[in-house]
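Each remark here refers to the structure printed beneath this line.
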Amino acid sequence: MMSMLLTVLVISELRFDWTEQVLGSFLVSTNATRPESGAIWEIGKQTRTAHQAIEKIVSDRQTSYREAESATSFKQIAATIRPEEWLLVPPDLFRKLYLELPPEVAKEIIPSFSYLELINNRDWERTYFEKDGDGLNIYMLDKDNRVLKRLPISPDLLYSMADSEVAFGERLENFPVFEGRLYPGDLFFQVLKNLTPEVRDGIIRRPEHILRLPGNIVRVGISDEAISGFIQIGFEIESGAQQMVMLLQGHEWAVWRLHSLLESEMQR
């Protein structure tokens, strides 16, 4: 009798899938009370939160936001945007700022292929920048304010964007970070030309910045402090009666190699 009953239950299950239907009905009825957990729940929660936040920014007239009209860099945006403020950046301006970044920094924000794909999909309408501590969050939206991509920029990545800075009327002695680490310009280039192209590119990542300034490099200073994988290098430039110092960021591993060789040459 028991075996016959089991046989009937098995056949019934195979034909009508009543077990799955009962279980499915139970899960639907208890869905609201079950805790949200697991990878799928978490991804969905983050997407809903980001979408709701953007919808609030767009629809809430009391929210502080403004449109970037003359932003010159991501770093400048980070320095000027206030907490609780959102900065609207048109796609054309975002593209301009993106293309001016060093390639290795730009790909950390969004790889060029992914960026190209986003543009060609023609869904991207606007971009909001949000302050996130000492970093930034970038939200790329479609016409319905749906988040296509969220691009976080860490404080370390922002620091690496500081390609150059020029201090006119200054000399390297006025920068304490270079104390005891000043080298003649001729020696610097003598050592530099004997390094591999990879190391040279790591030391001077954007040589065009130096080329824009008139005059000759007479001395070079190297900081002894590494920040976020970069070391500051100072170039003292003379042009007639004018002097200036250009500050650049070099990759730590390449600058340490340069510094070691400069010290060896100085001790000869």
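Bear in mind that the values in this text are calculations on the coordinates, not laboratory data. Note that the coordinates shown come from a computational prediction; the quantities given were computed from them, not determined experimentally. With ideal geometry, Cβ positions are generated from the backbone for all residues, glycine too; neighbour counts draw on all protein chains shown.
Some notes on this structure:
- A simple count of charges around G229, restricted to other residues whose Cβ falls under 9 Å of its Cβ and scoring Lys, Arg +1 and Asp, Glu -1, yields -2.
- Each of the peptides 81-92, 223-234 was scored by the mean count of other Cβ atoms within 10 Å over its residues; in descending order, highest first, they stand as 223-234, 81-92.
- In terms of its C-alpha gyration tensor, the range 163-266 comes out rounded, because the ratio a/c of the largest to the smallest axis stays below 1.5.
- Given their separation in residues at 0.36 nm each and the Cα-Cα distance between them, L116 and E208 gain 30.6 nm when the chain is fully extended.
- Stretchable slack from E198 to E125, in nm (0.36 nm times residue separation minus alpha-carbon distance): 22.4 nm
- Pair E173, E265: separation of 7 Å Cα→Cβ label points (nm): 2.3 nm
- W253-E85 pseudo-label distance in nm [points 7 Å out on the Cα-to-Cβ vector]: 3.9 nm
- Annotation note: trypsin sites (Lys or Arg not before Pro) in the range 100-155 located in DSSP loop regions with a Cβ neighbour count of at most 12 within 10 Å are R122, K143.
- Label-reachable residues, the range 168-209, where backbone N falls under 17 Å from a point 7 Å from D224's Cα toward its Cβ: 173-183
- Ranked F94, F74, criterion: other C-beta atoms within 10 Å, fewest first: F94, F74
- Alpha-carbon spread of the range 77-169, three principal axes, descending order, Å: 50, 30, 21
- Net charge of the neighbourhood of W256, taken over other residues with C-beta under 13 Å away and scored Lys/Arg +1, Asp/Glu -1, is -2.
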